[in-house]
Amino acid sequence: MRAPDSRGYFGDFGGRYVPEVLIAALDELERAMTAAFADPAFWAEYHATLRDFVGRPSPIYRCERYAADVSSVPLVMKREDTNHTGAHKINNTVGQALLALRMGKRRLLAETGAGQHGVATAAVGAKLGLPVDVYMGARDIERQALNVDVMQLLGAQVHAVTSGTQTLKDATNEAFRVWAGRVEDTFYVIGSVVGAHPYPFMVREFQKIIGIEARRQTLERYGRLPSDVIACVGGGSNAMGIFAGFVDDREVKLWGVEAGGKGVDGDEHAASLLAGSIGVLHGSRSYLLQSAEGQVRETHSISAGLDYPGVGPEHAFFKESGRATYVNITDAQAVEAFHGFARCEGILPALESAHAIAFARELAAQRGADDLILVNLSGRGDKDIGRC
Amino acid sequence: MLDGAFVRARREKRLAFIPYVMVGDPDLETTEAVLLALSDAGADVIELGVPYSDPLADGPTIAAAGQRALRSATHLREVLALAWRCRERCAPIVLFTYYNPVYQFGVERFAREAAAAGIAGAIVPDVALDESVELRAALQAQGLAMPLLVAPSTPQQRAVRIADAATGFVYVVSRLGVTGAGYAPDFAPLHRQLASLREVTNKPLAVGFGVSRPQDVRNVGLLADAIVVGSALIDSYAGTRAQAAAARVRDFVAPLIAALPVS
Ligand SMILES: Cc1ncc(COP(=O)(O)O)c(C=O)c1O
C-alpha cells in the first residue's frame with residue numbers, strides 16, 4: 001500500500017488546500033508524524049494502549065443466521081463494535097493523542113458527527129490529561145444525544161455549531177477555524193481520512209490495525225483470504241482501515257458502501273463517490289456533493305456518521321484506479337439491516353455499520369461456500385436506539 | 001491597475017484603504033450602491049468577496065454575510081457581471097474567493113472572464129503557496145495579480161518565498177485565527193513581521209484580519225502600505241439596503257480614511 005507523494009497526493013487526490021495560517025502547523029505535524037512512525041517506542045505505546053485501554057485485538061465473528069437464508073457463504077464480521085467507546089474511531093484517537101503528547105501540545109480539538117469520534121477523543125483526552133473541545137452540529141447534538149452526555153461525563157466541552165447545515169460538515173469548518181486561532185498549543189484530532197495532508201495518510205495508518213488483524217485472523221481461522229471486504233464510507237476511515245490489510249491482495253474485492261439516503265437519484269443522500277464530482281473541501285481534493293457553482297450541497301443520511309458531503313482522497317483514488325468499488329444502501333435498507341441483524345445475531349450494529357451489513361446480504365446472494373465475505377462492523381448501535 | 005493605487009497612496013504619504021465587501025449581501029443592488037459609495041469616499045482598491053458555502057478562513061460576520069448572499073443566489077458569475085457593470089465608476093477590484101467555486105468554473109475560464117470583466121486580481125485564501133502554481137500561471141497569463149497571504153505562524157524563510165511569488169501585493173494577516181472584528185491585531189509580532197518583509201520585498205504590504213477601528217489603522221503605521229477592513233464594514237450596514245446601506249458605509253469609513261495619513 002502506497003503513501004501519498006511528497007505533496008500529499010494519492011494520484012490526483014489530496015493535497016493541502018488550507019489558509020496559510022495552518023500550513024506551518026501541518027508541516028510541524030508532518031515532521032512529528034514521520035519521526036513517530038519511524039520510532040518503535042511510539043508504536044509500542046500505541047499497541048499497548050490499544051490492548052489495555054481499547055481491548056484489541058477485536059474478534060472476528062462468523063454470522064450464524066443473518067444471510068443463511070440467501071447463501072452458504074461464510075459471512076464474517078470484524079468486531080470494531082467491541083472496542084472501548086463502541087467504534088473504530090478510538091484506534092485513531094489513541095494514535096493522534098499520543099502524537100499530540102509527543103509534540104508537547106496541551107489541548108485536543110475535534111469535530112464529530114455521530115459523536116463516536118468525539119467520545120473517542122474525550123476518552124483518550126481524559127486518560128492522558130489533555131483537555132478536549134468537541135465541535136458538533138446542533139442537528140447532530142439532537143439526534144445523537146446519548147453521545148453528548150458521554151462526552152461531557154468524560155470531561156470534554158461540547159460546542160454546538162449552528163452555522164450552515166448544522167451537521168458534520170459545518171462542525172469540521174468550525175474546528176478548522178478554532179484551530180487557526182490556537183495552532184500553537186492545540187492538536188486538531190481529525191476523525192476520518194479527510195482533511196489536508198498529512199491527515200488522510202496519518203488516520204489511515206492509525207486505522208490500518210483493523211485490516212492487519214482481520215487478515216491474520218481470517219487466515220488463521222479459515223485458511224484463506226476473504227473474497228470480498230465490505231465497509232461503510234462516511235469520510236472513509238473504517239473502510240480505509242480494513243482495506244489497508246488487503247489492498248495488496250489483488251484477488252480480494254474491496255467494497256465501500258455509501259449512504260444512499262432516500263435514493264441517489266434525488267438530492268437527499270450522502271453518496272459523494274457515486275453521485276458527486278471532483279472538488280476541494282476541508283483541505284483536500286476529492287469527490288464531493290456540490291452545485292454547478294461549486295457550493296457544497298446539503299446531504300442526508302439517517303446515520304449521522306455518514307451524513308457528510310465529502311470523502312477521503314484515497315477513496316477517490318481507489319475509485320479512479322478501480323481498486324475498490326463503491327455502492328450505496330438507502331436509509332430504509334440500513335434500518336431493515338439494523339433490526340434484522342440484531343434479531344438474527346444478537347448484535348446491535350451502529351446505523352453506519354448497518355449500511356455495510358445490508359450490502360453484505362445483497363452480495364451474499366451472489367457468493368457461495370468457497371467465498372468468504374468480511375464486513376467491518378465499525379460500531380455498536382446503542383447511540384441509535386429509538387431513532388429507527 | 002493595482003500598482004497605480006499603491007503608488008498614489010505612497011505619494012500622498014498615507015496607507016491605501018482596501019475595503020472588503022461580500023457581493024450579494026443581502027442583494028446585488030445593495031452591493032453596487034456600497035461599491036460606488038466606497039469608491040467615492042476614497043477606497044484605493046476594493047476586495048469583492050465571492051460567496052461560498054464553507055469559508056474556512058472567515059469568522060462569523062463574513063460567513064453569515066456569505067450565507068445571506070447565497071440566499072440571493074449570488075455566485076461567481078454574478079460577481080463577475082457586477083464588476084463589469086461597475087468597472088468605470090469603481091476603484092480597482094480584487095476578488096476574494098475560495099478555490100472550489102473557481103475550480104468548478106474552470107481555472108483558465110475564470111482568469112479569462114475575470115480579466116474581461118476588468119478585474120485586477122484574485123486572492124484565494126485556501127490556496128497557499130504550495131498549491132498556487134497552476135492558478136498563479138493562469139491569472140498571470142491574463143495579466144491578473146494573485147496576492148498571497150503571510151500569517152503570524154509563517155516561518156521567516158517561507159514568508160520570503162511567499163513574498164517572492166505574490167503578485168500585486170502581499171496580504172499580511174495581522175493575527176492568528178480567522179477574519180472578524182472581535183479581536184484586534186497582535187501589533188508587536190505584526191510589526192516584526194512587517195519589518196522583516198520590508199527587508200526582502202518592495203511589493204506593497206496590505207494588513208488585514210481584525211483591523212476595524214481608526215486606532216488599529218494608526219497602530220499598523222508606516223511599515224505597511226495598506227489596510228484591509230472587512231467584517232466591521234459588513235457589520236456597519238447589516239440589516240439595511242441600497243442607498244441606506246451606502247449612507248451607513250460613508251459614515252463608517254470616514255474616520256478610518258481620516259486615520260490613513262502617516263507622518
Ligand atoms: C460506527 C461508525 N461507523 C462509521 C462511521 C463513518 O466514518 P468513517 O467513514 O470515517 O469510518 C462513523 C462516524 O461517526 C461511525 O460512528
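The values are calculated or read from the model by the stated rules, or taken from the named source; none is laboratory data. Just so we're clear, the structure is a prediction, and the values are computed from it rather than from any experiment. Neighbour counts run over all protein chains shown; Cβ positions are idealised from the backbone, glycine included. Keep in mind that these areas ignore ligands, DNA and RNA; they rest on the heavy atoms of the full protein, side chains included. Shrake-Rupley method; radii C 1.70, N 1.55, O 1.52, S 1.80 Å.
Positive end of the charge dipole of the protein assembly as shown (Lys, Arg +1 and Asp, Glu -1 on Cβ, about the Cα centre): tell me which of A:TYR308, A:THR167, B:ALA57 has its Cα farthest that way.
My answer, from the dipole projection, is B:ALA57.
Using a Gaussian network model of chain B with C-alpha springs under 10 Å, which one of B:THR31, B:THR97, B:THR240 is most mobile by mean-square fluctuation?
Result: B:THR240 has the largest fluctuation of those listed.
Return the long-range amide H neighbours of B:ILE93 (sequence gap of 5 or more, or a different chain), with a cut-off of under 5 Å between placed amide H atoms.
Residues meeting the amide H criterion: B:ILE46, B:ALA120.
With +1 on the Cβ of every Lys and Arg and -1 on the Cβ of every Asp and Glu, and nothing else charged, how large is the dipole of the protein assembly as shown about its Cα centre, in debye rounded to the nearest 20?
1000 debye
Taking both sides together, what accessible area is buried at the B/A interface, probe 1.4 Å, expressed in Å² and rounded to the nearest 100?
On the way: alone 11050 and 14020 Å², together 22320 Å².
That pair hides around 2800 Å² of surface in total.
To the nearest 20 Debye, how big is the dipole of segment A:96-155 about its Cα centre, given +1 on the beta carbon of each Lys and Arg and -1 on that of each Asp and Glu? Show your work: numbers first, answer last.
Details: 7 positive and 5 negative charges, 69 e Å.
Roughly 340 debye, rounded to the nearest 20.
Which of A:LYS208/A:LYS319; A:LYS78/A:LYS319; A:LYS89/A:LYS253; A:LYS78/A:LYS253; A:LYS253/A:LYS383; A:LYS105/A:LYS208 have a Cα-Cα distance over 21 Å? Walk me through the intermediate numbers first.
Values: A:LYS208/A:LYS319 19 Å; A:LYS78/A:LYS319 23 Å; A:LYS89/A:LYS253 24 Å; A:LYS78/A:LYS253 16 Å; A:LYS253/A:LYS383 31 Å; A:LYS105/A:LYS208 25 Å.
Cα-Cα > 21 Å for A:LYS78/A:LYS319; A:LYS89/A:LYS253; A:LYS253/A:LYS383; A:LYS105/A:LYS208; rest within.
Given an 8 Å cut-off on Cα distances and at least 6 residues of separation, report the relative contact order of segment A:230-330 as a percent.
Across segment A:230-330, relative contact order equals 33 percent.
Expressed as a whole percentage, what fraction of the accessible surface of segment A:349-388 belongs to carbon and sulfur atoms when a 1.4 Å probe is rolled over the protein heavy atoms?
40 percent
Please list, in chain and number order, the residues 5+ apart from A:ASN328 or on another chain whose amide H is under 5 Å from its amide H, with Hs placed from the backbone.
Under 5 Å from the amide H of A:ASN328: A:GLU258.
Rounding to the nearest 20 debye, state how big the charge dipole of chain A is about its Cα centre with +1 on each Lys and Arg Cβ and -1 on each Asp and Glu Cβ.
740 debye
Given chain B, what whole percent of its Cα pairs are spread farther than 31 Å?
16 percent
Taking θ as phi - 60°, what are the ³J(HN,Hα) couplings along segment B:112-125 by the Karplus curve (6.51, -1.76, 1.60), each to the nearest whole Hz, with x for Gly and Pro?
Going residue by residue, I get 4, 6, 5, 4, 5, 7, x, 7, 8, x, 9, 9, 10, x Hz, with x marking Gly and Pro.
Between B:ARG8 and A:LEU146, what FRET efficiency follows from the Cβ-Cβ distance if R0 is 51 Å, with the result rounded to 0.05?
That pair, B:ARG8 with A:LEU146, gives E of 0.25.
By how many degrees, 0 to 90 and rounded to 10, does the Cα axis of helix A:20-37 deviate from the longest principal axis of chain A?
Result, in degrees: 60.
With both partners inside the protein assembly as shown, how many of the DSSP beta bridges are antiparallel, as a percent to the nearest 5?
Among the beta bridges of the protein assembly as shown, antiparallel pairing accounts for roughly 20 percent.
Projecting each Cα onto the charge dipole of the protein assembly as shown (Lys/Arg +1, Asp/Glu -1 at the beta carbon, about the Cα centre), which of A:LEU98, A:VAL189, B:PRO204 comes out farthest on the positive side?
It is B:PRO204, whose Cα lies furthest towards the positive end.
Taking beta carbons within 10 Å but only from partner chains, what does the mean come to for residues B:95-108?
The per-residue average across the peptide is 4.
Compute the acute angle (0 to 90°) between the alpha-carbon long axis of helix A:331-345 and the principal axis of greatest extent of the alpha-carbon atoms of chain A; round to the nearest 10°.
70 degrees
Given a 1.4 Å probe and every protein chain left where it sits, what share in percent of the accessible area of chain B is carbon and sulfur?
The C+S portion of the solvent-accessible surface of chain B is 52 percent.
Might you tell me the accessible area per residue for the protein assembly as shown, computed with a 1.4 Å probe and given in Å²?
I get 34 Å² per residue for this part.
Say we join alpha carbon atoms closer than 10 Å with springs in a Gaussian network model of chain A; which of A:SER321, A:SER71, A:SER353 then has the biggest fluctuation?
The residue that fluctuates most here is A:SER321.
What residue among A:ALA25, A:ALA41, A:ALA365 has the largest mean-square fluctuation in a Gaussian network model of chain A, using Cα springs under 10 Å?
A:ALA41
Taking amide H positions as placed 1.01 Å from N in the peptide plane, with prolines and chain starts having none, which residues 5 or more places from A:HIS159, or on another chain, fall under 5 Å of its amide H?
A:VAL134, A:TYR135, A:MET136
Which of rounded, prolate, oblate describes chain A, given a ≥ b ≥ c as roots of the alpha-carbon gyration tensor eigenvalues and a/c under 1.5 marking rounded, otherwise prolate only if a/b is larger than b/c?
rounded
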